[in-house]
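Heads up: the structure comes next, in structure tokens.
Any read-out appearing in this document is the output of simple, stated calculations on the displayed coordinates, not a laboratory observation. None of these values were measured; they are calculated from a predicted model. Ideal geometry is used to build each Cβ from the backbone, glycine not excepted, and the neighbour counts take in all protein chains shown.
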């Protein structure tokens, strides 16, 4: 079962994935001249969703923004790995939700924010509205020695990256040395996490095949509204918690229904993460933080 | 649906008769069971399908509204499910149990609820 990580897998991740974990440990300022940096990942805010799984549907994203703004050391940049908004068939309402989402996150102190779509944002119109608000659905950028690649596996409702984007990916990778520090950002798992719940990318294996020759690759994604850590060969895949409702562990129950809101533990299972790049060691330290903690 | 099913049985019957006329009755295969599943936002009907271990079954899939998908990963079958078209996949279960199937083409706000089960006895 790929839903949890046991000690053996943890050690495997430590040794091969170039990833270490910390829980709530403080992070100090970086030494002058150091290339180490950190960024924040937020995911699956599903702005516009309403229902019992989150009685504070209109407040949770704002709390997360406030929490990030309260971090003592601000991140170099922030990424949103998809499902910024909750899907609607109404094109006007889709624009309204994206407008409101954009307004809320404009309060982030850090102004370098990288967005990716989820299927809720992009699949109804193949990303047309999303692009008007947030730009390209796949792109690259470089930051302090790390090559970031955002892959779109959601604009096609069939959850395919598609041959054209795969060619683009191959061409981009061809320009990178085999020991480049590569971070992939995407929405859905590129590997078959649990296809029985549609937790996969139909042609994700083709992207992994293209990435496999590179020695230092790590993938951060969303979609499943919970942490999950998995290795495909030497490539680590790390999903993030969401900001609307948590989902059950893969295959842990018959249906992938949201985990019910627990009034005794509000916002439980929701959160965001800091990802600290320690480049000389090709490591990324992940620190999970709850919605209300900055 | 009934007309089409009857026609298929008629054709299958002709095939068996023809084989019998050639003295090949012992090698003729029975027509596989056929189950039709209709997808409609955001349910499959039926959402529970009963199959027999080792018995081939053809699943006929169609959509009553928007394009969808049918994926039963445990049986390594999937198909696009489109309005006005019947897609067919053949499943021959090798073991008993309960297995999930899912819509794998994002179809709207209830997409995540669009699941069903195949029960094999």
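Worth a mention:
- Note on region A:93-236: antiparallel DSSP beta bridges, both residues inside, total approximately 40 percent of the bridges counted.
- Most to least packed among A:258-269, B:77-88 [average Cβ atoms within 10 Å]: B:77-88, A:258-269
- Peptide-level mean, for A:156-168, of C-beta atoms on other protein chains within 10 Å: 2
- Share, in percent, of DSSP beta bridges within region A:185-294 that are antiparallel, nearest 5: 70 percent
- Gap separating the Cα centres of region B:52-121 and region A:220-294, nearest whole Å: 29 Å
- Taking every residue in B:65-73 and counting other chain Cβ atoms within 10 Å of its Cβ, the average works out to 3.
- Chain A: antiparallel DSSP beta bridges as a percent of all, rounded to 5: 45 percent
- Radius, Kirkwood style, for region A:87-228 when every pair of distinct Cα atoms is counted (Å): 16.0 Å
- Relative packing of peptides A:279-291, A:74-86 - highest average C-beta neighbours within 10 Å first: A:74-86, A:279-291
- Take the Cα of residue A:175, step 7 Å toward its Cβ, do the same at residue B:50, and the gap between the two points is 6.0 nm.
- From helices alone, chain A scores -6000 deg cm²/dmol at 222 nm; the rule is -39500 (n - 2.57) for each run of n ≥ 4 DSSP H residues, then divide by the residue total.
- Calculated FRET value between residue B:38 and residue A:72, using beta carbons and R₀ = 45 Å, to 0.05: 0.20
- Relative intensity, log₁₀ I(q)/I(0), of region A:167-228 from a Debye sum that treats every alpha carbon as a point, q = 0.15, 0.28 Å⁻¹: -0.48, -1.25
- The P(r) of chain A has a tail past 25 Å containing 44 percent of all C-alpha pairs.
- In region A:137-294 the Cα-Cα distances spread across 10 Å bins starting at 0 as 10, 37, 35, 15, 3, 0 percent of all pairs.
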